[in-house]
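Trainee: Let me give you the structure first, and then I'll get to my questions.
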Amino acid sequence: MTLTSIKTTSSERIYMIDILRGFALYGIILAHIGSIYLYELEITSNDLTGMDNKLKKLLELFIERKFYLIFSLLFGLSFSIQLQNAINRNKPFVLKYCWRLSLLFFIGFIHNQLYPFDILQIYAFIGVLLLPIRKIATPVLLAISISLFIFSCVFLQFDGHIKDSLSTLRIQKVSLSQTLTHQIASGHFFMILSLFTFGLWAGKKNIFTLGRIDPAYFKSLFIFSLISLLILKIAHNQFSIPSFSLPLVNISFSFLYISIISLSYIYLPHLKLLWQSLEVVGRMGLTNYILQTIFFYILFLFKSILFNGGDLYLLFIYANSFFFFQILFSIWWLKKHKQGPLEWIWRSATDLYRVTNLYVKDKSLCDTPDQIKSPL
């Protein structure tokens, strides 16, 4: 498969999803430097001055709370693909999917020892809720997704402790019950389930699995997102509705980014290096997500040496440098392997036998349709 081709073979369907996943991972590492990890330096936005202050404002506006929404949507989309694959092959799905989520929960539990805001356990918990709605018609799925989104906005009105809880949960052991309580109280639980459901809807609508990737969907999404942001900006200036409008702004930005990346992929196929870089990182999404945590964990062990006061711009440089390393590492690994190391372990444990991960021959980075079954 060449990057100049727009035809959506089964392989390219996965390829496009991996590009979006890789893009989401880049946004997540930037979001971390501007929010949670800022607390680890024991400073606040008020302590930032000059370049750091401007950078923080840019991260708040364009990055924070936008990319985990894309990640969540892709989880639901991958669920839909896995479900359809099982149906096409006449294989059982429910038990294997539940076992797969149990393994994801275990991975998240280990991850939580380094990172108290682990999302993998939440994904595993909420992912089970997709099973009862997997056979529901697409119009009803869309209605459920919208209803859950509105519900999450309502919950946000009663959540005055989000900012405070971040400081109290600063890089320490946090139980699953505490995490779930925070996710529900903040509305994030319903937001994630809303995006899972929307991803399932998108999969059932075959938005990413047409004979060609149809630009009409993404053009409409681009226009809708842009108009929504404009309306919200005007409403924000005229009325005092910051808490309710925040998730609307975030989801509008998320859809805007998805449409921009998708349309750019369709109309700018010659940007092969960009698409390949995002794709390889996305194919190893679980591995790279955990690697980002390890990177930050090690980085902050030496915070007294590496940071002077705040120096958010230094953290920004470190994060971008590490993401570049992740691109190189992913390219190197996938030249000889079909999946990332954690993806391979996850799949082998799911199938209860050791899956072959080495290529028999040197193949392209986008080799087979079923390389990645992971929802991450």
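Trainee: Please give, to one decimal in nm, the separation of the simple spin-label points placed at residue 113 and residue 358, each 7 Å out from Cα toward the Cβ.
Mentor: Reported label-point gap for residue 113 and residue 358 is 3.0 nm.
Trainee: Just add up the charged neighbours of residue 255: K/R +1, D/E -1, any other residue whose Cβ is under 14 Å from the Cβ of residue 255.
Mentor: Values: positive: 65, 66, 219; negative: none.
After counting each charged neighbour, the total is +3.
Trainee: Using the 10 angstrom Cβ neighbour count as an exposure proxy, how do 287, 197, 293, 356 rank, fewest first?
Mentor: 356, 293, 287, 197
Trainee: Grab the beta carbon distance between residue 235 and residue 128, set R0 = 30 Å, and tell me the FRET efficiency rounded to 0.05.
Mentor: The pair residue 235/residue 128 has a calculated efficiency of 0.25.
Trainee: Give me 188, 270 sorted ascending by neighbouring Cβ count inside 10 Å, so fewest comes first.
Mentor: Numbers: 188 25, 270 10.
In increasing order of surrounding Cβ atoms, one gets 270, 188.
Trainee: Provide 153, 98 in ascending order of the number of other Cβ atoms located within 10 Å of each residue's Cβ, fewest first.
Mentor: Sorted ascending by nearby Cβ count, the order is 98, 153.
Trainee: Related question: Residue by residue through the stretch 297-303, what is 3J(HN,Hα) from phi via Karplus (6.51 cos²θ - 1.76 cosθ + 1.60, θ = phi - 60°)? Round to whole Hz and write x for glycine and proline.
Mentor: Per residue, the Karplus-derived 3J(HN,Hα) values read 4, 5, 4, 7, 5, 10, 4 Hz.
Trainee: Another question, then. Using 21 Å as the Cα-Cα cut-off, could you pick out the over-long pairs in 66/272; 91/335; 96/135?
Mentor: Flagged as over cut-off: 66/272; 91/335.
Trainee: Which residues' amide hydrogens lie under 5 Å from the amide hydrogen of residue 187, considering only partners 5 or more residues apart or on another chain, with H built in the peptide plane?
Mentor: none
Trainee: Report the gain in length on full extension from residue 62 to residue 302: 0.36 nm times residue separation, minus Cα-Cα distance, nm rounded to one decimal.
Mentor: Full-extension gain reported as 83.6 nm.
Trainee: Sticking with this structure for a sec: For a Förster distance of 56 Å, can you work out the FRET efficiency between the beta-carbons of residue 140 and residue 51, rounded to the nearest 0.05?
Mentor: The pair residue 140/residue 51 has a calculated efficiency of 0.70.
Trainee: Right, something else. What distance in nm separates the simple spin-label points at residue 87 and residue 267, each placed 7 Å from Cα in the Cβ direction?
Mentor: In this crude label model, residue 87 to residue 267 measures out at 3.3 nm.
Values in this text are rule-based calculations from the coordinates and carry no lab data. Here the structure is a predicted model, which is why all the values come from computation and not from measurement. Note: ideal-geometry Cβ built from the backbone for every residue, glycine included; neighbour counts use all protein chains shown.
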